[in-house]
1. How much length is gained if the chain between K254 and N10 is pulled fully straight, taking 0.36 nm per residue apart and subtracting their Cα-Cα distance, in nm to one decimal?
2. Counting each pair of different Cα atoms once, what's the Kirkwood radius of the range 248-315 in Å, rounded to one decimal?
3. In the chain, which whole DSSP H runs stretch at least 18 Å along their own axis (Cα) and average 1.6 or higher on the Kyte-Doolittle scale?
4. In which sequence would T50, T410 go, from the one with the fewest C-beta neighbours within 10 Å to the one with the most?
5. Going from the alpha-carbon gyration tensor of the range 125-180, what semi-axes, largest first and in whole Å, does one get by taking the root of 5 times each eigenvalue?
6. For the range 1-140, what log10 I(q)/I(0) values come out of the Debye formula at q = 0.11 1/Å, with one point per alpha carbon and no solvent?
7. Distance cut-off 20 Å, Cα to Cα: go down the list K159/K328; K32/K80; K6/K456 and report the pairs above it.
8. By counting other Cβ atoms within 10 Å of each Cβ, how are D465, D2 ranked from fewest to most?
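Throughout, read-outs are computed from the coordinates displayed, never taken from laboratory work. Treat the numbers as computed from the prediction; the structure is a model and nothing was measured. As a convention, Cβ positions derive from the backbone with ideal geometry for all residues, glycine included, and neighbour counts pool all protein chains shown.
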Amino acid sequence: MDQSIKKKYNYWQWRTLIILMIGYALFYFVRKNFSIAMPALKSELGLDETQLGIFLTLNGIVYGISRFINGFISDRARSKKFIMGLGLLLSAVVNFVIGLSPQMNGLFHYMDASGKATVGLVYFIGSLWLINGFTQGMGYPPCGSLMAHWIKPSELATKQSIWNSSHSIGAGLVAVLIGTFILGRFGYEAWQWCFFIPAILAAAGSFLLFFGLKNSPSDVGLPNPETLDEHVPAGKTAAPQQAESPEHAHALYKVLLKKMVFRNPMIWILAVSNFCVYVIRFTILDWGSMFLTDYKQLPIATAANVVAASEIVGGIIGTLLAGWITDKFFKSKAHHTCLIFMVMATLCFFAFWKMPQGNTGWAIFFLIMSSFFIYGPQALTGIAASNQATKRAAASANGILGIFGYASTTVSGLAFGMIAKSFGWNTVFAVAIAFGVLGCLVFAAMWKAPADGYSKAEKIIEEFDAATE
């Protein structure tokens, strides 16, 4: 490859990756702020665990559906960056309105005589958080599609794992912002600023997405990245053998969607395993501030810092290590790393649960290590789906994974809220660990699968082109 082209390609690839990281981290500022603020919402508004669990579940289900829908849209859309930027801007607006909800009491009588939430306010905040679930689903699909268009298949695990650290950066920083600097300093009565400040930051970030991204290498005169990949034989790039008309492209996409996604057993195995991964992940991320204050008797600022450490220290390092191991030792077979990391995440969460009450330091260590390991499969299931479906259907495949992943909130949200209220946190931990074991078994079922589906897709394209000549 010409050195000037290589230099330009590296510049645009890293520019795209960094902007996507910043943008997706800000999506977490206006999504996981709610989880960190839940103790304050319980104290100041009188919301209980069941109501909070319902919010988490409905948000997660709508988010999964939105990721599914926007996956198809992102695969076909010319301007993927617009979808992502608009989603972040709309999430900012929703969060700002939630923060303003007490000021609407004069119009809707949302507060009772003691200043606690009425059923009306519960429905209002719940409805807004449901809308936020849909706008949040406009973030991941464009990211997955853009990275599949900008990054070589043999490097996707490493570089998308770098991007995936944006989950932990966003969740960790918002935990510190809310738990330490807002609620820790000003008390639970400052809960509205847990929505105002993240909303302002997210709105600013949306403009970075609108004006800083390019949709594909061809927009800046560069070749497709898979043509530069040494592990893909010449001509085997999942590219069509003839110039594509819009009709041809649409018909080919439908064929690839059917054969590389809906009839691909690897996608469905990854989807089921993703459900189990997200049960453990959301148990830590969504309920961490609650069970660390209730079960381990930690102050809110300390609990928030532990959640932040789980995300920033555990999630970032675990994600990067998982991606590096996948490309370095497993020849880009992400599902191999997923199985190993899932086993370790489950064992560490079990150790956290069984640690005696007096050993707070060790309990915190094992919780952070569980997060460290769970973020390996959390990142790599999406990467594996992108590689199995190829770049032409990457967002659609990840849409299916998104539905399964966020359907897990039926367990980690509503079910765990009800279980915690009725039976205590011990039962919650036991159920979460059971899903961890199930996830290990499902990952093991695809151990012999190839690293990607580009060879399979090439055959499908050749057959399609031959049939349409």
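1. Details: separation 244, 0.36 × 244 = 87.84 nm, distance 3.20 nm.
Here the segment from K254 to N10 would lengthen by 84.6 nm.
2. On the way: mean 1/r = 0.0672 Å⁻¹.
This gives a value of 14.9 Å.
3. Span-like helices here: 80-100, 193-212, 425-444.
4. Values: T50 15, T410 18.
Ascending Cβ contact count within 10 Å gives the list T50, T410.
5. On the way: eigenvalues 149, 63, 6 Å².
Over the Cα atoms of the range 125-180, the ellipsoid semi-axes are 27, 18, 5 Å.
6. -0.51
7. Numbers: K159/K328 12 Å; K32/K80 24 Å; K6/K456 28 Å.
Over 20 Å apart, Cα to Cα: K32/K80; K6/K456.
8. Numbers: D465 14, D2 8.
Ascending number of Cβ neighbours within 10 Å: D2, D465.
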